[in-house]
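Here, each number is a calculation from the coordinates, and none is a lab measurement. Predicted model only: the values in this text are computed from it and were never measured. No Cβ is skipped: glycine too gets one built from the backbone with ideal geometry, and neighbour counts run over all protein chains shown.
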Amino acid sequence: MTTSLGGCSSDVRPSDERDFQADAAIESDLPKLGLVTGLPIYWPEEAGFEDLAQGESELPWVRKDLEKRFAIVPLDRLAQGDGSPSAELSSLQHLMIAQPRGLSAAANVALDSWVRNGGELLYVIDPMLTQHSQYGLGDPRRPNDVGLVPPFFVRWGLSMSVPENPDGNPSTFRLDNAKIVALEYGELQLQTGEALGTHCELLADGLVAQCDVGEGQALIIADASFLEPDQEPVYDRPALTALLNRAFGAQ
């Protein structure tokens with residue numbers, strides 16, 4: 001499976017750059033965080049290769065905040081051909097997936113297995129992405145406008161619907177001591193009789209679900225608005241911190 005990191009597609013990003021990021025994570029004393037995303041939270045969407053090479057692009061605030069706590073490991077593969085976790089995924093304890101471009105059947109099986117064997121996952125899914133993109137519809141560099149519910153949600157006893165929002169105004173939710181301002185968000189529900197070795201609890205009025213899955217755990221949020229570029233992420237920064245604390249504990 002090939003994934004991409006927003007602003008710089010992994011299938012065109014130079015292999016030596018991927019190796020550099022992996023080496024930097026190995027040398028860091030910070031805990032490693034695997035990252036899979038189609039959103040421009042690792043590289044800015046407008047950045048070109050020359051800008052990146054010369055260090056002239058301002059990094060997204062999300063990446064800078066993550067790197068205060070973690071050594072980020074961009075992942076290209078989640079699964080081997082038989083559906084078992086890839087070597088890269090197996091080496092990690094923490095993983096963040098945010099509006100991925102698409103997960104293969106093997107990747108879905110691998111993720112379920114990885115979490116059940118002790119992995120900790122933060123999964124961001126947005127049913128109707130509101131973030132502007134400079135890339136048009138059909139451009140492979142454009143983030144997915146619609147987040148697809150992965151099959152392992154069913155195995156964990158979860159489903160997602162999209163509540164009506166006729167006025168289009170943002171809604172505010174509270175998670176611990178943080179406010180989450182959501183736009184065109186999803187609502188998570190518990191499905192009785194579906195969960196296999198899992199227990200999920202709904203938080204923030206159903207915007208968030210926290211699940212114990214086998215020996216691991218997963219935190220799911222049904223909105224990605226808090227990850228959008230912002231010069232002053234007044235509410236989004238505390239929201240990200242609260243989600244990271246819930247998913248991975250205070251690092």
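At a glance:
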{"read-out": "Anchor Lys179: lysines whose Cα lies under 24 Å away (excluding residues fewer than 8 positions away in-chain)", "value": "Lys64, Lys68"}
{"read-out": "Residue among Ala87, Val62, Ser104 farthest towards the positive dipole end of region 55-107, charges placed on Cβ", "value": "Val62"}
{"read-out": "Residues Met96, Met160 arranged by fewest to most Cβ contacts within 10 Å", "value": "Met160, Met96"}
{"read-out": "Segment Ser84-Asn165, length gained on full extension (0.36 nm per residue, minus Cα span)", "value": "25.2 nm"}
{"read-out": "Surrounding net charge for Glu67, when Lys and Arg each add one and Asp and Glu each subtract one, Cβ distance under 13 Å", "value": "+3"}
{"read-out": "Per-peptide average of other Cβ atoms within 10 Å, ordering 215-224, 179-188 highest first", "value": "215-224, 179-188"}
{"read-out": "Simple Cβ-charge dipole of region 15-248, Lys/Arg +1 and Asp/Glu -1, about Cα centre, in debye nearest 20", "value": "600 debye"}
{"read-out": "Prolate/oblate/rounded call for region 164-251, Cα gyration tensor, a/c under 1.5 rounded", "value": "oblate"}
